[in-house]
1. Taking chain B as a Gaussian network, Cα atoms linked when under 10 Å apart, which of B:Leu91, B:Leu44, B:Leu109 shows the biggest mean-square fluctuation?
2. At a probe radius of 1.4 Å, figure out the A/B buried accessible area, summed over both chains, and give it in Å² to the nearest 100.
3. Per DSSP H run of at least 4 residues, take -39500 (n - 2.57); add these up for chain B, divide by its residues and hand me the 222 nm value, nearest 500 deg cm²/dmol.
4. To the nearest 20 debye, what is the magnitude of the charge dipole of the protein assembly as shown about its Cα centre, counting +1 on the Cβ of each Lys and Arg and -1 on the Cβ of each Asp and Glu?
5. What is the helix-to-structure angle for B:34-50, meaning the angle in degrees between its Cα long axis and the longest Cα principal axis of chain B, kept from 0 to 90 and rounded to the nearest 10?
6. Residues with amide H under 5 Å of B:Lys63's amide H, sequence separation 5 or more or different chain, H placed in the peptide plane at 1.01 Å from N; which?
7. Quick one: of A:Lys40/B:Lys53; A:Lys94/B:Lys131; A:Lys24/A:Lys88; A:Lys29/B:Lys63; A:Lys24/B:Lys112, which pairs are farther than 27 Å apart, Cα to Cα?
8. Compute accessible area for the stretch B:41-65 by itself and then with all protein chains, 1.4 Å probe, and report residues whose area falls by 20 Å² or more.
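The values are calculated or read from the model by the stated rules, or taken from the named source; none is laboratory data. Given the structure is predicted, the values throughout are model-derived calculations rather than measurements. Positions of Cβ are backbone-derived with ideal geometry, glycine not excepted, and every protein chain shown enters the neighbour counts. Calculation scope for accessible area: heavy atoms of the full protein, side chains included, ligands and nucleic acids excluded. Shrake-Rupley method; radii C 1.70, N 1.55, O 1.52, S 1.80 Å.
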Amino acid sequence: MAEQRFYRLARTHLTNRLVNSMSKYECIKLETRGNTKIVKFVDERVMDPERIELLGKELLSLGIEEENTRVVLDFSHVRFFSSAAINKLIVMEKRLRARGGKVGLCQMNNAVRDLFGFTQLDIIFRIHESEQDAIDALQE
Amino acid sequence: MNWCLQKVIPSEPLEACELIRNVIERLEKENWGDDALFAVHMALEEAVMNAIKHGNRRDVAKKVHIEVDCNCNKLEMTVRDEGAGFSPDQLPDPTDDANVEIASGRGVLLMKEFMDEISYNATGNEVRMVKRKLG
């Protein structure tokens, strides 16, 4: 079982590395639209503690040193998002906000949307249907 | 299909992930649906991680006892740690304005919201959760 897990993790990591070979990120895909950074999560199930730690570091590298950074987090690929991963989003949002930045979330499935609703984190994070809606809202 | 899984794991998050993955894969094959899979995944992960971090205080000598019992359309999960227990009613409310931006402390709330039933033993070191399959 441990061997199976090792090979599965190794395969996932190798695939992610190949896909992101031109990028410094493993857990996210980063695109830029105008003045907004669009972040897509690589993992369908964001649950592995080591991957969540790495995800947190990658999120914190998104213009943390810059002023007024705008970030859209696109959940279209995400089927599960653990509360430990949410904690990383909270830390990132606080750091960005302290420098005048903003974060918008979009394209969540019902269960992920519920997760933000139950915890009332949808007060801190504005949630939008589409990526474009999120980009437009961040310009306000 | 009825099945039961009983497992005792060390206080090690990676062991917990493997077990949760197994449960989710089984339920996926039995067509539990995305929302139910998410709910079970969330509640089981929070219960086991709470047992490791808060119950056993990451002491690898202490174990987490997990039982998952799937009976037709009802999934019952019990997670017990070897710690002193806690009182869920005395935890701060993570949805209070003063707490909502704190990057932790949502586990017990999420378990309650995503499960159909939840209860604790008198000591507070064992949680029992039930999820029913829709349709």
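1. Most flexible of the set in this elastic network: B:Leu91.
2. Numbers: alone 8520 and 8120 Å², together 13850 Å².
Rounded to the nearest hundred, the buried surface is 2800 Å².
3. On the way: 3 runs with 42 residues, N = 135.
Computed mean residue ellipticity for chain B: -10000 deg cm²/dmol.
4. Numbers: 39 positive and 46 negative charges, 133 e Å.
Computed charge dipole of the protein assembly as shown: roughly 640 debye.
5. 40 degrees
6. B:Glu82
7. Among A:Lys40/B:Lys53; A:Lys94/B:Lys131; A:Lys24/A:Lys88; A:Lys29/B:Lys63; A:Lys24/B:Lys112, the Cα-Cα distance tops 27 Å for A:Lys40/B:Lys53; A:Lys94/B:Lys131; A:Lys29/B:Lys63; A:Lys24/B:Lys112.
8. SASA drop of 20 Å² or more in the stretch B:41-65: B:His41, B:Met42, B:Glu45, B:Glu46.
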